[in-house]
Every structure is written in structure tokens, then in C-alpha cells.
2 protein chains.
Amino acid sequence: MTTFDFALLHRDEAGSARRGRLMTRRGPVETPAFMPVGTQGTVKGMLPEALEDLGAQIILGNTYHLFLRPGHELIARLGGLHRFMNWDRPILTDSGGFQVFSLGDLRRIDETGVRFQSHLDGSSHVLTPERSVEIQEALGADIIMAFDECIPYPAERGYVAASTDRSSRWARRCREARRSDDGAALFGIVQGGMFRDLREKSVAELLEIGFDGYAVGGLSVGEDAGLMYDMMDYTLPLLPADRPRYVMGVGTPENLVEGIARGVDMFDCVMPTRNARNGVLFTRFGRISIKQARYAEDPQPIDPDCGCYVCRHYSRSYLRHLYRAKEILAAVLNTHHNLHYYLQLMTEARSAIETGSFNQFRRNFYALRETEDVVSPRPNRPRRKINESVRSD
Amino acid sequence: MTTFDFALLHRDEAGSARRGRLMTRRGPVETPAFMPVGTQGTVKGMLPEALEDLGAQIILGNTYHLFLRPGHELIARLGGLHRFMNWDRPILTDSGGFQVFSLGDLRRIDETGVRFQSHLDGSSHVLTPERSVEIQEALGADIIMAFDECIPYPAERGYVAASTDRSSRWARRCREARRSDDGAALFGIVQGGMFRDLREKSVAELLEIGFDGYAVGGLSVGEDAGLMYDMMDYTLPLLPADRPRYVMGVGTPENLVEGIARGVDMFDCVMPTRNARNGVLFTRFGRISIKQARYAEDPQPIDPDCGCYVCRHYSRSYLRHLYRAKEILAAVLNTHHNLHYYLQLMTEARSAIETGSFNQFRRNFYALRETEDVVSPRPNRPRRKINESVRSD
């Protein structure tokens with residue numbers, strides 16, 4: 001059984017960007033990597049083969065959703081999540097913590113774990129660190145995430161300190177609950193809200209336990225992009241250079257470029273897939289909303305510079321028609337294009353780091369993003385709320 | 001410009017089944033052929049390339065829907081329906097008559113045509129034989145259907161006689177409205193309800209006008225399968241052997257086999273695609289409803305004898321999960337399988353006619369269809385009503 005490892009291949013000389021490779025039991029993942037979100041055992045609207053063609057090397061699955069439906073034990077009996085969904089590349093699963101904490105009145109927390117009611121049928125369940133690991137192992141995850149609380153923003157210092165301490169104790173229980181010999185990785189998750197000293201304390205406690213990789217959680221939860229970058233700037237250098245770094249639930253293309261510049265290796269976000277279903281499409285010039293009347297008779301592809309299947313074959317006019325007619329193909333084609341955009345951005349970033357031109361890449365990225373088509377005038381400022389469940393799609 | 005033609009390649013010696021080939025300006029169509037329905041410029045949930053891979057050689061587009069949204073003139077300015085939807089094989093369009101007649105209180109008929117209100121926004125429009133031909137030409141249809149009334153069942157003889165006469169007059173106006181030099185075919189549509197003499201009169205009037213092919217309309221509108229087959233038995237021999245015969249809006253796999261046995265060359269129906277979206281899947285053993293609890297943990301493919309992409313890669317358990325979770329991929333995979341079933345059935349029927357074994361094929365078809373999985377205990381008895389719009393999907 002191959003055990004998990006991480007190789008650091010290139011470092012940007014002028015900054016902190018890194019080019020690396022995860023070695024998982026189901027093959028390599030080139031980093032920096034973006035992980036499409038496959039909440040319910042499918043990346044919405046995408047055939048697994050199409051995801052592979054787009055260059056996705058790893059996807060994310062949601063423990064909370066799969067635990068409730070169809071159930072991790074059923075998936076295990078059918079040979080695991082990979083076989084169930086016809087995807088044989090690596091899968092990272094979240095711990096379910098994010099979703100159960102988001103349930104509000106439907107959950108109760110104590111030191112043991114979280115008691116919650118299913119959003120599907122109101123049935124009562126308990127998720128603990130041990131149970132979360134057990135579920136993720138049953139699903140067959142190649143990277144297992146520790147069970148933690150993703151702290152909302154804003155939050156008071158007292159709450160953040162207590163929650164972060166508890167997440168550290170839960171992280172230790174996750175480590176102890178792990179079977180040792182199946183080759184899957186276990187990642188710890190740094191919390192601490194927007195308080196530097198609490199981030200530092202969280203890192204220290206996780207390092208003492210020891211994990212295969214380290215995630216930075218509790219970002220992109222409603223704070224300014226500037227504050228999010230400050231937290232990355234402060235937290236990432238505290239993490240060991242020879243372990244992968246994953247910023248969870250992030251983000252916009254700008255967030256990805258800024259994260260890479262600060263040394264992040266892994267990202268996940270529902271943004272490309274969920275936006276696609278809402279008719280919002282990414283281009284190197286900015287985002288466009290395909291439902292707008294200006295595209296009614298526009299024969300151009302989404303992005304004339306894009307080489308993806310959708311841009312090679314379909315006009316904005318057709319995509320607007322599909323969207324307005326609520327056709328299934330609207331979601332399929334829009335998702336395909338947006339994931340191509342995200343994955344291509346990562347490919348270009350990796351190449352830029354390898355050739356020592358990441359700063360040039362970053363400047364070009366911003367230089368192109370000036371068009372009247374842009375939906376959001378402040379793309380660096382995510383308007384998501386934590387309750388919008390940015391980590392399940 | 002290639003003009004439309006039809007070649008009769010084989011005739012079943014023991015019966016009326018025929019093996020032929022449509023020669024259209026966009027390439028050949030082997031018959032008997034099934035045409036997937038692409039109502040709004042897309043066969044719901046299917047990429048055009050996937051349709052091609054399944055062997056679809058021609059699809060059907062709906063004039064009524066495309067006229068209202070996005071509009072035939074817009075589609076024409078963007079290069080026609082083929083280019084708009086990225087499909088370069090033949091397209092047959094219906095005339096829109098079926099839909100406008102189905103609008104009930106929203107339409108008013110006179111000799112000129114039908115005034116109706118859009119089901120989308122209530123806007124007022126007029127469809128006439130000339131206008132229907134003009135729209136179908138603007139869309140770029142390779143086979144244009146005459147504008148007629150599809151008579152509901154049951155209907156009184158007086159109404160059927162008057163309606164059929166009017167449809168004949170409209171058929172002549174369609175013929176006169178056709179441009180002569182674009183290579184597209186024009187098909188007339190036999191009406192006459194369930195009255196043999198009115199069917200005979202309709203055929204005679206259409207033959208006098210002269211068409212590239214002849215459709216039998218007004219079937220599968222609520223009548224018993226037995227009555228439908230009687231009407232086919234009576235009507236089809238009246239049509240010229242050297243012209244293609246198309247039975248519109250039909251039907252179940254059983255209907256297709258029985259239609260082929262009676263000399264039908266072309267079919268269309270929403271049954272495989274719409275049923276797919278409702279979780280009803282076709283197998284050679286009968287239909288199964290994937291939502292049933294019995295499939296919750298079933299590791300088998302939909303049909304163990306099926307070689308399609310879905311059956312090679314996915315279990316009934318996974319497909320049930322996708323359906324229950326309302327995932328886009330449920331519609332995509334189910335539609336793929338059902339269209340594979342329909343198109344494969346036609347491939348096998350063509351091969352059987354070629355090798356003189358069609359009766360054997362037909363016996364085998366029925367022999368296999370005995371399983372407890374079958375959804376409908378009387379699969380030969382369609383339960384559709386005309387208002388369910390069996391010709392748009």
C-alpha cells in the first residue's frame with residue numbers, strides 16, 4: 001500500500017508560490033490544485049470522464065450528505081465511493097463538521113460531538129470525531145479531514161478561543177481514531193478565527209499531533225478579502241514547508257491566484273459549479289451573466305480565447321436560450337466551461353511557477369480583468385454567507 | 001444541392017417490414033429509424049456528440065417552441081438550428097400544429113390558420129400553413145412537416161371529416177408555399193381519425209398533391225393499441241411503397257416493433273427521454289422504475305445484457321441515489337440509457353429485416369419481456385392523453 005506523501009518541486013524565487021505533487025494511493029495530484037465539489041457522489045452535471053478530460057485530478061465529497069443519503073455503509077458495501085460514482089482518481093472528503101454546524105437550531109454541541117437533525121427528514125444523528133473518521137474511511141476517501149468547527153464571521157474572541165481549543169482536542173481524537181494501514185491521508189484544520197494568536201495556537205497544537213497535511217479553515221466566511229489574505233499571510237508561514245497546505249472553501253479566481261501567491265497548494269469551492277447553474281460564467285476578462293439580454297443574439301463563444309468544448313461549439317446566444325428555457329444542457333455546458341476555466345487557471349499557475357514567471361502571470365491575470373461584462377465590480381469581496389454552505393454543492 | 005430521396009433496400013418476405021434509407025441533404029438515415037425529440041433546440045440532457053455515439057442519425061425539433069423562444073428569425077440569423085445546437089446530421093421539424101391545437105382555450109381556428117396565445121407569456125400569434133413552412137425553412141429543417149390538425153380521440157365523425165378536409169386544404173397550401181430549390185423534403189400527414197374511409201380519403205388527397213414522404217398522424221392519442229394497429233394495417237398499404245412512411249408520436253418499444261412489422265419507416269416519441277427524467281428505464285425485459293426501494297443496494301446495471309455507457313459503469317443503486325437526490329446526472333444517465341435502448345432496438349430490427357429474420361426478432365422481443373420488474377402490466381396500452389403533448393419534450 002502506497003502511503004501518502006508530498007513532494008515540493010519548485011518554489012517561486014520572488015515570493016511564496018509553490019509547485020508540488022501529492023502522492024496518494026490513487027495516483028498523483030499536481031499542485032497548486034483545485035478540487036471540484038461533488039457533494040452527493042457527483043459533481044453536478046458532469047460525467048466523470050468529462051472531469052478527467054478537463055484535467056481534474058482530485059474531487060471533494062461531502063461526508064454529511066453521503067452519510068444521510070444513501071449512507072456510508074451502503075456505499076461501502078457497494079465497493080466505496082469511487083466505484084459507486086465511477087471515479088478512480090483521488091477523493092478528499094470533508095468531515096461533515098461544516099454542514100452540521102451550519103444547521104443552526106437543528107444541532108446541539110458538546111465535548112463529545114454534535115447531535116443534529118437531518119435536513120432531509122428530521123431524523124436525529126450524532127457526529128463525533130471518531131464517527132466522522134469512520135464514515136470517511138467507509139467512503140474510501142484518499143484524504144480524510146479532521147472533524148472541526150468552521151467558525152462563522154464575525155465571532156467574539158471568547159467563542160473563537162473555546163471553539164478552537166475544542167477543535168484541537170477533536171483533531172487529536174481524529175488522529176487516534178485513524179486506522180494506520182490503509183494509505184489514506186489525514187489532514188488537520190487550523191482554526192482561530194481572525195485572531196492571529198489563536199491561529200498560532202491552533203497551528204502549534206496541530207503540529208504537536210502531527211498530520212499528513214494542513215488545512216486553513218474558517219476563511220471565506222463573510223470577511224473582507226483583505227482580512228482573508230492577512231490571515232493567510234500570517235498563518236501559512238507557520239506551517240511546515242514539506243506538507244501540503246489546503247485553504248478550504250476558497251474561492252474566486254482572484255482568491256486562488258492570491259492564495260497561490262501566498263503558498264497554498266490546494267483549494268475547493270462550489271463557485272464554478274454553482275455559479276454555472278445560475279448562468280454566471282467565468283472568463284479571463286471577468287464574469288458574465290449569460291441571462292442578460294445583450295447576449296440574446298451574440299454569436300460569440302463565452303470567451304473567444306477559451307479552447308474548451310463549450311467555447312468551440314456553442315454561442316452565447318444558444319447558452320442564453322438554454323438557460324432561459326431551463327434546459328438540463330444549460331447546467332451541463334455552463335459547468336463544463338466554468339470548471340475548465342478554474343482548472344486551466346491552475347494549470348497556467350503551475351506552469352508559471354515552474355518557469356519562474358509567477359509574478360508575470362499574476363500581473364497578466366489582473367490586467368485582463370477589465371471589461372464591462374464583469375458581474376461583480378468588486379470580485380475580491382466575496383458576498384457569500386456561511387449559511388450558504390460554500391462547501392457543498 | 002442534393003434533393004431528398006428514399007431507397008427501399010430490403011423487404012421482409014413474410015410480412016410488411018421494410019429496410020430503407022432516407023437520403024437527405026445532410027446525409028443518410030437508415031430506416032426503420034427512431035428520432036429522439038429535441039423540443040427546444042436540445043435533446044434534454046444529451047450532448048450532440050453523445051447522441052451521435054448512440055447512433056442517432058436524425059432528431060426532431062419543435063416548431064412551436066422554437067418559434068416562441070428564441071424565435072426562428074434569430075436562429076436563422078445565427079446560421080440555422082443545426083449550427084445553433086451543434087448538430088450537423090438531419091433534423092425533421094414538426095409543423096407546430098400539434099401544439100397549437102393542444103392549447104385549448106388559448107387558440108382559435110379558422111380556414112386561414114390558428115390564432116393562439118403563447119404558453120410562455122400570453123402573447124398573441126397566428127400560425128398558418130404558409131407561416132409554418134416559412135418557420136421550418138428558417139430553422140433549416142431537412143424534413144418539413146405539413147401544417148395539420150392532430151385530431152383527439154375519441155372524436156365525432158362530423159368533426160373528424162371536417163378537420164381532415166381542412167388538413168388536406170392546408171397540406172396543399174404547404175406544398176405551394178415550399179421553396180423549390182433548397183433540398184429539404186416536405187412530408188404530408190394522413191389524418192381521418194379512427195374512420196377507415198376518412199383515412200382513405202385523406203391519403204387520396206395527399207397523393208394527389210404529392211409529397212416526399214407520408215406521415216400517419218392522429219395515432220397514439222388515447223386509443224387502444226389494438227385500434228392503433230388496425231389503423232396502421234388499413235392506412236399504410238394505401239401509401240406508395242417508394243416513399244418513406246412516418247408514424248408520428250409513437251411510441252412504446254412494443255409500438256415500434258409492431259409499426260415496423262406493418263411497414264413503418266420512421267418514428268418519434270418523447271417516451272425514452274421523458275420517462276428517463278421520471279426514473280423509468282427501458283430494458284429488454286421490460287420497464288423498471290429506478291426509484292423503487294428494491295434497487296437501493298442493487299449492484300447490477302440497469303440491464304445486465306446492455307452494453308451502453310451507463311450499464312458499463314453504474315449500478316442501479318447509484319442511479320436510484322441520483323434520482324432521489326434530484327441530481328442533474330440522473331436525467332443525463334437515464335436519458336442516455338433509454339435512448340441507447342430505443343436506438344439499439346432499431347439497429348437490431350434493421351439487421352433482422354436484412355437477414356430475413358424479422359419474425360424471429362419480433363418473437364424474441366416478446367419472449368424476453370416477462371419480468372416482475374415491468375412497470376406497466378399492459379405495455380401495449382399507452383395511457384397517454386393528447387394533452388400531455390406527446391410530441392414535445
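When B:Asp181, B:Asp142 are checked against the criterion of being touching a residue at least 60 places away in the same chain (Cβ under 8 Å), within 27 Å of B:Gln57 (Cβ to Cβ) and exposed (fewer than 15 other Cβ atoms within 10 Å of the Cβ), B:Asp181 stands alone in meeting it. Could you check, for the range A:322-342, whether at least one of its residues is open to solvent by 10 Å² or more (accessible area, probe 1.4 Å) and farther than 23 Å from B:Leu81 by Cα? Yes, that holds for at least one residue. For the range A:285-303, a residue qualifies if it is open to solvent by 10 Å² or more (accessible area, probe 1.4 Å) and touching a Cys at 6+ places or on another chain (Cβ under 8 Å), and exactly one does: A:Pro301.
Return yes or no: is B:Pro272 in contact with a Cys (Cβ under 9 Å, 6 or more places away or on another chain) and of a type outside the set (A, V, I, L, M)? Spelling it out, it is not the case that B:Pro272 is in contact with a Cys (Cβ under 9 Å, 6 or more places away or on another chain) and of a type outside the set (A, V, I, L, M). Return yes when B:Asp212 is open to solvent by 40 Å² or more (accessible area, probe 1.4 Å) and in contact (Cβ under 8 Å) with a residue 24 or more places away in the chain and no when it is not. So B:Asp212 does not fit the description; no. Total residues in the range B:18-27 satisfying the condition of being charged (D, E, K, R) and open to solvent by 20 Å² or more (accessible area, probe 1.4 Å): the figure is 3. Mind checking which residues of the range A:193-209 are in contact (Cβ under 8 Å) with a residue 40 or more places away in the chain and touching a Leu at 6+ places or on another chain (Cβ under 7 Å)? A:Met194, the sole residue that qualifies.
Selection of the range A:8-46 for residues being within 11 Å of another protein chain (Cβ to nearest Cβ) and not in a loop (DSSP other than H, G, I, E, B) yields only A:Gly38.
Has the range A:2-17 got any residue that is crowded, with 16+ Cβ neighbours inside 10 Å, among the hydroxyl-bearing types (Ser, Thr, Tyr) and under 30 Å from A:Gln360 (Cα atoms)? Yes, there is a match, as at least one residue in the range A:2-17 is crowded, with 16+ Cβ neighbours inside 10 Å, among the hydroxyl-bearing types (Ser, Thr, Tyr) and under 30 Å from A:Gln360 (Cα atoms).
Number of residues in the range B:349-393 that are modelled with pLDDT of 95 or more, β-branched (Val, Ile, Thr) and outside any helix (DSSP H, G or I) equals 1. Of note, B:Glu30 does not satisfy the criterion of being over 18 Å from B:His336 (Cα atoms) and either open to solvent by 60 Å² or more (accessible area, probe 1.4 Å) or among the aromatic types (Phe, Trp, Tyr) (or both).
Condition check ((1) among the aliphatic types (A, V, I, L, M); (2) free of Cβ contacts under 8 Å to residues at least 60 places away in the same chain; (3) more than 11 Å from chain B (Cβ to nearest Cβ); (4) part of a strand (DSSP E or B)) across all residues:
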residue	(1), (2), (3), (4)
A:Thr273	no, no, no, no
A:Phe282	no, no, yes, yes
A:Ile288	yes, no, yes, yes
A:Lys291	no, yes, yes, no
A:Arg294	no, yes, yes, no
A:Arg312	no, yes, no, no
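Working only within the range A:321-338, note down all residues that are facing another protein chain (nearest Cβ under 8 Å) and assigned to a helix (DSSP H, G or I). Those that are facing another protein chain (nearest Cβ under 8 Å) and assigned to a helix (DSSP H, G or I): A:His321, A:Leu322, A:Arg324, A:Ile328, A:Leu329, A:Ala331, A:Val332. Could you check, for the range B:274-283, whether at least one of its residues is in contact with a Lys or Arg (Cβ under 7 Å, 6 or more places away or on another chain), among the small types (Gly, Ala, Ser) and open to solvent by less than 10 Å² (accessible area, probe 1.4 Å)? Within the range B:274-283 (the criterion being in contact with a Lys or Arg (Cβ under 7 Å, 6 or more places away or on another chain), among the small types (Gly, Ala, Ser) and open to solvent by less than 10 Å² (accessible area, probe 1.4 Å)), the answer is yes, since at least one residue qualifies.
Scanning the range A:304-315 for residues that are within 15 Å of B:Gly80 (Cα to Cα) and open to solvent by 20 Å² or more (accessible area, probe 1.4 Å) yields one hit, A:His313. Taken over the range A:138-172, the criterion of being in contact with a helix residue (DSSP H, G or I) (Cβ under 8 Å, 6 or more places away or on another chain), charged (D, E, K, R) and part of a loop (DSSP other than H, G, I, E, B) is satisfied by A:Asp148, A:Glu149. With respect to the conditions (1) open to solvent by less than 10 Å² (accessible area, probe 1.4 Å); (2) among the hydroxyl-bearing types (Ser, Thr, Tyr); (3) without any contact (Cβ under 8 Å) to a residue 60 or more places away in the chain, B:Tyr159 lacks only one, and its number is (1). The C-beta contact set for the range A:336-349 (first residue of a type in the set (S, T, N, Q), second residue assigned to a helix (DSSP H, G or I), distance under 6 angstrom, 6+ apart or interchain) comprises A:Asn338/A:Pro272; A:Asn338/A:Ala276. Looking across the range B:240-256 at every residue that is aliphatic (A, V, I, L, M) and buried (at least 22 other Cβ atoms within 10 Å of the Cβ), the one that is nearest to B:Tyr214 (Cα to Cα) is identified as B:Val247. Do any helices (runs of 4 or more DSSP H) entirely within the range A:182-261 hold 3 or more residues that are within 20 Å of A:Ile151 (Cα to Cα), and if so, which? Because the criterion is at least 3 residues that are within 20 Å of A:Ile151 (Cα to Cα), the helices (runs of 4 or more DSSP H) in the range A:182-261 that meet it are A:196-209, A:225-235. Restricting A:Thr31, A:Thr42, A:Thr24, A:Thr93 to those that are among the hydroxyl-bearing types (Ser, Thr, Tyr), over 16 Å from the mean Cα position of the chain (by Cα) and modelled with pLDDT of 95 or more reduces the list to A:Thr24. Going through the range A:296-310 one residue at a time, which ones are within 10 Å of another protein chain (Cβ to nearest Cβ) and either free of Cβ contacts under 8 Å to residues at least 24 places away in the same chain or of a type outside the set (A, V, I, L, M) (or both)? Result: A:Glu297, A:Asp298, A:Pro299, A:Tyr309. Residues that are surrounded by 16 or more Cβ atoms within 10 Å (Cβ to Cβ) and within 11 Å of chain B (Cβ to nearest Cβ), at least 1 per element: which helices (runs of 4 or more DSSP H) completely within the range A:47-128 meet that? It comes to A:48-53, A:63-68, A:72-77, A:81-85. Annotation: B:Ser317 fulfils all but one of (1) polar (S, T, N, Q); (2) within 14 Å of another protein chain (Cβ to nearest Cβ); (3) within 19 Å of B:Gly38 (Cα to Cα); the unmet one is (3).
The values are calculated or read from the model by the stated rules, or taken from the named source; none is laboratory data. Values in this document were obtained by computation on a predicted structure and should not be read as measured data. All Cβ positions, glycine included, derive from the backbone under ideal geometry; neighbour counts span all protein chains shown. Side chains are part of the model used for accessible areas, which takes the heavy atoms of the whole protein and leaves out ligands, DNA and RNA. Shrake-Rupley method; radii C 1.70, N 1.55, O 1.52, S 1.80 Å.
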